[in-house]
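The values are calculated or read from the model by the stated rules, or taken from the named source; none is laboratory data. Note that the structure is predicted; figures quoted are calculated from it, not measured. Here Cβ is always computed from backbone atoms with ideal geometry, including for glycine, and neighbour counts include all displayed protein chains.
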Ligand code: ATP
Ligand code: MG
């Protein structure tokens, strides 16, 4: 599919982040709704990025947001992706509060399947697992997006980090190489945030700079989930993801057989029921 600007009708803006802006668009010739991400880049790396993005055509998994195509326009690259109509989990929990445990089970199963697929099939690591990069649609499907396929794009976006929350593993903060286990750390942080509706590693009432926060994550004993509030297998799963030493932290594929994840995909109906209840609260 060769997507051209003149075939796209912009419907609304979905959100924006450090890397650019995402709009809901209609691809008129095929009558397909898409999410179009517009990323500002240096002209000099434009061809390189477009070339690196080609691998997205080969990423086909029910747990990964599909790629329709990308094209350049001046200093921008426009990337057309599967439209996920219920958006990302950060906006979902900000609007509707804590995410129920069965939904977190499906989410965990989907993210681990997506990460395992990316790594086993393409030797790609995600590098940016967080609530805003995990998306939901009204069929109850949960998929990951925005993984690090393009080295050039990672370079140009890494320079513009302005986040107030960090999902980065201790080993990454200390400058070690990225591994699939770093994605597992980010998943653990994400699950704590979605379960409690609050980013977990910024102590309440303290006005921490991002540097103080990174230091705290790497060197202090971090808070854990209360086993009186959450199922023990969920608490254990999150604690396992948040093992500070990557040597002792399992990789995504191994975590697929954890007790919390094993039967999680059987709870699909509960996700659908939850989605229906969200509509009522709107
Ligand atoms: P950052 O730039 O730090 O990664 P982010 O993930 O929030 O932050 P974007 O990736 O630009 O920033 O996404 C902005 C918003 O657009 C997301 O929060 C999400 O709600 C929405 N969005 C992104 N991709 C899609 C998609 N495929 N379908 C529906 N909504 C999407
Ligand atoms: Mg994103």
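Observations
- Residues in region 219-235 that are in a helix (DSSP H, G or I) and out of contact with any helix residue (DSSP H, G or I) (no Cβ under 7 Å at 6 or more places or on another chain) were compared, and the one that is farthest from residue 193 (Cα to Cα) is 219.
- The residues on offer are 217, 144, 149, and the sole one that is buried (at least 16 other Cβ atoms within 10 Å of the Cβ) and in contact with a strand residue (DSSP E or B) (Cβ under 9 Å, 6 or more places away or on another chain) is 144.
- For region 124-157, a residue qualifies if it is within 8 Å of ligand 1 (Cβ to nearest atom) and within 19 Å of residue 195 (Cβ to Cβ), and the qualifying residues are 130, 132, 133, 135.
- For region 10-25, the set of residues classified as farther than 18 Å from residue 128 by Cα, loosely packed, with under 15 Cβ neighbours inside 10 Å and within 12 Å of ligand 1 (Cβ to nearest atom) consists of 11, 12, 13, listed by residue number.
Listed here are the residues, each with its yes/no results for (1) away from ligand 1 (no atom under 13 Å from the Cβ); (2) modelled with pLDDT under 95; (3) crowded, with 18+ Cβ neighbours inside 10 Å.
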position	(1), (2), (3)
27	yes, no, yes
36	no, no, yes
49	yes, yes, yes
62	yes, no, no
67	no, no, yes
82	no, no, yes
90	no, no, yes
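- Test: residue in region 230-251 that is exposed (fewer than 13 other Cβ atoms within 10 Å of the Cβ) and closer than 20 Å to residue 114 by Cα: no
- Within this structure, residue 254 fails the test of being within 22 Å of residue 101 (Cα to Cα) and modelled with pLDDT under 95.
- Scanning region 246-262 for residues that are within 22 Å of residue 63 (Cα to Cα), free of Cβ contacts under 8 Å to residues at least 24 places away in the same chain and assigned to a loop (DSSP other than H, G, I, E, B) yields one hit, 257.
- Per this entry, residue 107 is counted among residues that are surrounded by 21 or more Cβ atoms within 10 Å (Cβ to Cβ), under 19 Å from residue 143 (Cβ atoms) and touching a residue at least 60 places away in the same chain (Cβ under 8 Å).
- Failed item in (1) surrounded by 14 or more Cβ atoms within 10 Å (Cβ to Cβ); (2) in contact with a helix residue (DSSP H, G or I) (Cβ under 7 Å, 6 or more places away or on another chain), with residue 181 passing the rest: (2)
Here's the yes/no breakdown for (1) free of Cβ contacts under 8 Å to residues at least 40 places away in the same chain; (2) on the phi > 0 side of the Ramachandran plot; (3) more than 19 Å from the chain's Cα centre (by Cα); (4) in a helix (DSSP H, G or I):
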residue	(1), (2), (3), (4)
148	yes, no, no, no
153	no, no, no, yes
175	yes, yes, yes, no
181	no, no, no, yes
207	yes, no, yes, no
212	yes, no, yes, yes
217	no, no, yes, yes
238	no, no, no, yes
244	no, no, yes, no
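- Exclusive hit being in contact with a helix residue (DSSP H, G or I) (Cβ under 8 Å, 6 or more places away or on another chain) and surrounded by fewer than 16 Cβ atoms within 10 Å (Cβ to Cβ), set 131, 203: 203
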